[in-house]
Structures are given as structure tokens and as C-alpha cells.
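K.L.:
I have a structure I would like to understand better, so I am pasting it below and will then ask my questions one at a time.
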Amino acid sequence: MSRQSNRTTDSKKMNSELFTLTYGALVTQLCKDYENDEEVNKQLDKMGYNIGVRLIEDFLARSTIGRCQDFRETADVIAKVAFKMYLGITPSVTNWSPAGDEFSLILENNPLVDFVELPDNHNTLIYSNLLCGVLRGALEMVQMAVDVRFAQDTLRGDNVTEIRMKFIKRIEENLPAGDE
Amino acid sequence: MVIFSVYVVNKAGGLIYQYDNYVPRAEAEKTFSYPLDLVLKHHDEKVVVSFGQRDGIRVGHAVLSINGVDVMGKNTAEGKDILEYLKDATNYPVSIRFGRARLSSNEKLMLASMFHSLFAIGSQLSPEVGSSGIEMLETDVFKLHCFQTLTGIKFIVLADPRQSGIDALLRKIYEIYSDFALKNPFYSLEMPIRCELFDQNLKSSLEVAEKAGNFGAGS
């Protein structure tokens, strides 16, 4: 195949602290604006969704991954390729449901929450909810409807951060031609 | 070795970007005296030659300008009907430029949505299951290459049949789209792309592809 773009191994390094600070500023401003954790969670999910629908094209353009045949393959691609490409971490895929339509991503460390502690008055805030929106938006653009939520969160006292992803259905409207 | 044009079609089949890289080669400007020996007729809002091929002026060529001033569809720039103008002996001698009419943007929109449907037919006609849509369309003058992403966007490149490296070029255009169109927060998905950076980067990658003749190791 053709040579890979020279941007896959991105030579533009950004300070990850700037990234953590930017995300933190975003969440705290949302908290000030909405003053309600549920609302902030919803907004983070929406923002993540808008990021996801654009990020998927970048992901597909830069990696040569083709269409995944089943949900297991999707899980592997998300954990091993996508998370690695964008956050530099490789979560593990575990806790498959018997029907094979639900799994968990266990993140040992989450770059979004370096140096972050949740105060007591925000204990229903899902700080990294942006990630759920990103995953949902990206998969929707490749015709998969999924439900993504945080099952465990180190910010709220658990040992690991666990994202639970459930396959809902294949989106049949507007299928690109050639996909049956 | 030339790349003629690039089209980008969204999921619904609407044209969201179009770029023409070619200069029409066949244009002829001639001075005529009364009476005009070419037979002209109206066709699709243009005036075209229907009979009387000579000196580089072919049947099907449209009237592009009269006396150096571009025409507007069926009328001269002043709004007079061209055929009436040319029947009047007092307007001669007149210098008319003929050439192959360029597609108007409406025509391009229609052709793009037609291609979108044909693309789907390509996969439906297939005897084997799981066929892709139309990937290449070949004529004696150009080859049309089409690449559909997993998200349903189609990138279409019309190039010289001998031009190689189009597959790699299509992927490069996909990268440019994902960078300069999608990462622009003011660009809404599925809408026409009006991003300067996208234009510039697309043009330079076309130049690279044309010069290389062989963009990357692709076919």
C-alpha cells in the first residue's frame, strides 16, 4: 500500500499538562455555568459526541483499519489502536457479557485526570464523560449504535477507571453503498 | 499527466466540494462576416454549434464570447438574444469564441448525485456478496477513480488514463479532508466545504501527484 502519512507518528509534541489544564478549565467552567452535575455530564457527552464524529475520519484516514466484522474486533481496535493513537494509553478489554454485546475497557491511568481530585459537592460529576461522547459519536459514524458509560472512576474512589460499552444495534439508515 | 478534477460527495449524495484543475484545450476564436456559415441552435441554456464543423470549431461547441465579451447563457452580455444578434447583418464582422462548454455548478451537483446512485448500483449488480461500489470508470480521455470511506463520504478524482498513484492521492485527500475540513470547528459536517486551507493543501497535493506521476507506491 502507499506510504503512511508522516503524521501518524506525530512529530508535533504537545505538553500533556497543557492538555490536562485545558480539559480541567473546560469542566470547571461548565460547572460554573450549569451548577448542576447532571447537566454538566450531559454537556460533556454532547461535546464528546461532536468530537467523535470528526475524530473517526481522522482515525480512518491515518490508520489503514478496514471495517470491523464483529463487536469483539471493534473492541480490540478501540483499545489497541485508537486509544493508543490519541491518548497514548492501551486499556484492557475485559468482562465480556455472555451474549458478546457488552464489554469493559479498564484504564490504568487516565491522562485527563492527572492531578485532579473531585471535591465533595461534585460527587455525581463524571469528569471524563467527554470520552463516552467521543466513543459514541465515532461509532455512530461507522453505523454502530452503542451505549457508553463509566462503571468505575478513580476520581470517585474506585481502584481503576472502567468504561462499559454496550452494542445496541447496527444503524441501517444511510448505509454507505456496498455494505449490504 | 494531468489530474482534471476532484469531487467530494457526502453521505446523502450531495456534492460538497469540487475543484477543476484543467484548462480546456479546445477553444477557437474566429472573425466572421455575414452570413454566418455555422448553424447554431439553443441547447440547455447555451448556444451551440449544430452543423458546420471547421477550423477547430466542432459540433457541440458552445459560444463562449462575442467580440471578446463573455456571453451569459443564451444572451450576449448586454442581454440580447445571441441568435437574433447574429442574424442581423449590421453587427458583422463579429469575432466569436467557441469552445467546449464547461459544466455549470448545478450540472455538477446533478452529476454528482447521479454518480452516487450509480455507485450503489455497482455494488447491487455484483454476483458476489459484499462488493464495493464503482471504484473506477474509464473512458478514452479520462479515468474516474472513486474512494468511499467507511463513513460514507466519497472522494472522486478524474485524471488522465496514464496517471498513476491515484489510490494514494485519494487517501491523501482523505487525510487533508480530515485535517483541514473536519478539524475546523466552524465547518459543519455534510455541508459544502469552504475552507481556504483545504483548498490550498488539496492544490499542492495535486501538484505533487502530477509531478511525481507516481504518488507513493500505489497503482
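The values are calculated or read from the model by the stated rules, or taken from the named source; none is laboratory data. The model shown is predicted, which means the values in this text are computed figures rather than measured ones. Glycine gets a Cβ as well: all are built from the backbone with ideal geometry, and neighbour counts include every protein chain shown. In case anyone asks, the SASA skips ligands and DNA or RNA and just uses the protein heavy atoms, side chains included. Shrake-Rupley method; radii C 1.70, N 1.55, O 1.52, S 1.80 Å.
K.L.:
Among A:ILE168, A:ILE163, A:ILE126, which is the only one that is more than 23 Å from A:GLU35 (Cβ to Cβ), of a type outside the set (Asp, Glu) and either assigned to a helix (DSSP H, G or I) or open to solvent by less than 50 Å² (accessible area, probe 1.4 Å) (or both)?
P.N.:
Working: A:ILE168 fails: either assigned to a helix (DSSP H, G or I) or open to solvent by less than 50 Å² (accessible area, probe 1.4 Å) (or both); A:ILE126 fails: more than 23 Å from A:GLU35 (Cβ to Cβ).
Selected residue: A:ILE163, the only one of A:ILE168, A:ILE163, A:ILE126 that is more than 23 Å from A:GLU35 (Cβ to Cβ), of a type outside the set (Asp, Glu) and either assigned to a helix (DSSP H, G or I) or open to solvent by less than 50 Å² (accessible area, probe 1.4 Å) (or both).
K.L.:
Scan segment B:113-144 residue by residue and report those that are more than 14 Å from chain A (Cβ to nearest Cβ) and open to solvent by less than 90 Å² (accessible area, probe 1.4 Å).
P.N.:
Matches in segment B:113-144: B:LEU137, B:THR139, B:VAL141, B:PHE142, B:LYS143, B:LEU144.
K.L.:
Give just the number: which of (1) at pLDDT 90 or above; (2) among the aliphatic types (A, V, I, L, M); (3) out of contact with any strand residue (DSSP E or B) (no Cβ under 8 Å at 6 or more places or on another chain); (4) closer than 26 Å to A:GLY66 by Cβ does B:ILE193 not satisfy?
P.N.:
Tallying (1) at pLDDT 90 or above; (2) among the aliphatic types (A, V, I, L, M); (3) out of contact with any strand residue (DSSP E or B) (no Cβ under 8 Å at 6 or more places or on another chain); (4) closer than 26 Å to A:GLY66 by Cβ, B:ILE193 fails exactly one: (3).
K.L.:
Okay, next question. So which residues in segment B:145-157 are surrounded by fewer than 22 Cβ atoms within 10 Å (Cβ to Cβ) and either farther than 19 Å from B:TYR177 by Cα or touching a residue at least 60 places away in the same chain (Cβ under 8 Å) (or both), if there are any at all?
P.N.:
Listed by number, the residues that qualify are B:THR151, B:GLY152.
K.L.:
Could I ask something else about it? Does A:ARG164 fit the bill of being touching a Cys at 6+ places or on another chain (Cβ under 7 Å) and of a type in the set (Lys, Arg)? Steps first, please.
P.N.:
Working: touching a Cys at 6+ places or on another chain (Cβ under 7 Å): no; of a type in the set (Lys, Arg): yes.
Spelling it out, it is not the case that A:ARG164 is touching a Cys at 6+ places or on another chain (Cβ under 7 Å) and of a type in the set (Lys, Arg).
K.L.:
Return the pair list, or none, for Cβ contacts closer than 9 Å from residues in segment A:102-122 that are on the phi < 0 side of the Ramachandran plot to residues that are among the basic types (Lys, Arg) and modelled with pLDDT of 85 or more, at least 6 apart or on different chains.
P.N.:
A:GLU102/A:ARG164; A:GLU102/A:LYS166; A:PHE103/A:ARG72; A:PHE103/A:ARG164; A:PHE103/A:LYS166; A:SER104/A:ARG164; A:LEU105/A:ARG164; A:LEU118/A:ARG156
K.L.:
Could you tell me whether any residue of segment B:74-93 is over 30 Å from B:LEU202 (Cα atoms) and touching a residue at least 60 places away in the same chain (Cβ under 8 Å)?
P.N.:
Here is the first cut: in segment B:74-93, the ones over 30 Å from B:LEU202 (Cα atoms) are B:74-93.
Add one more test, that the residue is touching a residue at least 60 places away in the same chain (Cβ under 8 Å), and what stays is B:92-93.
Yes, segment B:74-93 has at least one match.
K.L.:
Give just the number: which of (1) outside any loop (DSSP other than H, G, I, E, B); (2) of a type in the set (A, V, I, L, M, F, W, C); (3) farther than 25 Å from A:GLU35 by Cα does A:LEU112 not satisfy?
P.N.:
For A:LEU112, the exception is condition (3).
K.L.:
Another question, if that's okay. Here is a list: A:ALA25, A:ALA61, A:ALA82. Which entry is part of a helix (DSSP H, G or I), over 16 Å from the mean Cα position of the chain (by Cα) and within 14 Å of another protein chain (Cβ to nearest Cβ)? Talk me through it step by step, then tell me what you get.
P.N.:
Working: A:ALA25 fails: within 14 Å of another protein chain (Cβ to nearest Cβ); A:ALA82 fails: over 16 Å from the mean Cα position of the chain (by Cα).
Answer to the check: A:ALA61.
K.L.:
Condition first: open to solvent by less than 10 Å² (accessible area, probe 1.4 Å) and of a type outside the set (Ser, Thr, Tyr). Now tell me which residues in segment B:164-175 satisfy that.
P.N.:
If we filter segment B:164-175 for residues that are open to solvent by less than 10 Å² (accessible area, probe 1.4 Å), which is where we start, we get B:165-166, B:168-170, B:173-174.
Listed by number, the residues that qualify are B:GLY165, B:ILE166, B:ALA168, B:LEU169, B:LEU170, B:ILE173.
K.L.:
Could you look through segment B:10-34, keep only residues that are in a loop (DSSP other than H, G, I, E, B) and at pLDDT below 80, and pick out the one that is nearest to B:GLY133 (Cα to Cα)? It would help to see each step written out before you state the result.
P.N.:
First pass over segment B:10-34, keeping only residues in a loop (DSSP other than H, G, I, E, B): B:10-14, B:21-26, B:33-34.
So of that shortlist, the ones also at pLDDT below 80 come out as B:22-26, B:34.
Numbers: B:TYR22: 27, B:VAL23: 30, B:PRO24: 30, B:ARG25: 32, B:ALA26: 33, B:TYR34: 53 Å.
The qualifying residue nearest to B:GLY133 (Cα to Cα) is B:TYR22.
K.L.:
Any chance you could count how many residues in segment B:35-78 are part of a strand (DSSP E or B) and not polar (S, T, N, Q)? Even if it seems obvious, please write down each step before you answer.
P.N.:
Residues of segment B:35-78 that are part of a strand (DSSP E or B), as a first pass: B:39-43, B:46-51, B:54, B:57, B:62-66, B:69-70, B:72, B:75.
Going one step further and asking which of them are not polar (S, T, N, Q), we end up with B:39-43, B:46-49, B:51, B:54, B:57, B:62-64, B:66, B:69-70, B:72.
Adding up the residues that qualify gives 19.
K.L.:
Need pairs with beta-carbon distance below 6 Å; first residue touching a residue at least 24 places away in the same chain (Cβ under 8 Å) and of a type outside the set (Ser, Thr, Tyr) and within segment A:137-153, second open to solvent by less than 20 Å² (accessible area, probe 1.4 Å) and assigned to a helix (DSSP H, G or I); sequence gap 6+ or separate chains.
P.N.:
Between residues of segment A:137-153 that are touching a residue at least 24 places away in the same chain (Cβ under 8 Å) and of a type outside the set (Ser, Thr, Tyr) and residues that are open to solvent by less than 20 Å² (accessible area, probe 1.4 Å) and assigned to a helix (DSSP H, G or I), the close pairs are A:GLY137/A:GLY52; A:GLY137/A:VAL53; A:ALA138/A:GLY52; A:ALA138/A:ILE56; A:MET141/A:VAL53; A:MET141/A:ILE56.
K.L.:
Mind checking which residues of segment A:83-100 are closer than 18 Å to A:GLU140 by Cα and touching a helix residue (DSSP H, G or I) at 6+ places or on another chain (Cβ under 6 Å)? Before you say what the answer is, go through the steps one by one.
P.N.:
Residues of segment A:83-100 that are closer than 18 Å to A:GLU140 by Cα, as a first pass: A:83.
None; the set is empty.
K.L.:
Moving to a separate point now. Any idea how many residues of segment B:84-112 are more than 29 Å from B:GLY133 (Cβ to Cβ), outside any loop (DSSP other than H, G, I, E, B) and open to solvent by 40 Å² or more (accessible area, probe 1.4 Å)?
P.N.:
Counting residues in segment B:84-112 that are more than 29 Å from B:GLY133 (Cβ to Cβ), outside any loop (DSSP other than H, G, I, E, B) and open to solvent by 40 Å² or more (accessible area, probe 1.4 Å) gives 6.
K.L.:
Can you tell me which residue within segment A:26-50, out of those that are of a type in the set (Asp, Glu) and open to solvent by less than 70 Å² (accessible area, probe 1.4 Å), is farthest from A:THR124 (Cα to Cα)?
P.N.:
Initially, segment A:26-50 is screened for residues of a type in the set (Asp, Glu), giving A:33, A:35, A:37-39, A:45.
Checking the rest, the ones that are also open to solvent by less than 70 Å² (accessible area, probe 1.4 Å) come to A:37, A:39, A:45.
On the way: A:ASP37: 6, A:GLU39: 11, A:ASP45: 14 Å.
So the residue we want is A:ASP45.
K.L.:
Return the only residue of A:ARG136, A:ARG164 being of a type outside the set (A, V, I, L, M, F, W, C), modelled with pLDDT of 90 or more and in contact with a helix residue (DSSP H, G or I) (Cβ under 9 Å, 6 or more places away or on another chain).
P.N.:
On the way: A:ARG164 fails: in contact with a helix residue (DSSP H, G or I) (Cβ under 9 Å, 6 or more places away or on another chain).
That would be A:ARG136, the only listed residue that is of a type outside the set (A, V, I, L, M, F, W, C), modelled with pLDDT of 90 or more and in contact with a helix residue (DSSP H, G or I) (Cβ under 9 Å, 6 or more places away or on another chain).
K.L.:
In the set A:VAL93, A:VAL53, which member is surrounded by 14 or more Cβ atoms within 10 Å (Cβ to Cβ) and not in a helix (DSSP H, G or I)? Even if it seems obvious, please write down each step before you answer.
P.N.:
Working: A:VAL53 fails: not in a helix (DSSP H, G or I).
Going through A:VAL93, A:VAL53 in turn, the sole match is A:VAL93.
K.L.:
Only residues that are open to solvent by 10 Å² or more (accessible area, probe 1.4 Å) and outside any loop (DSSP other than H, G, I, E, B): list them for segment B:177-186, please.
P.N.:
Listed by number, the residues that qualify are B:ASP179, B:PHE180.
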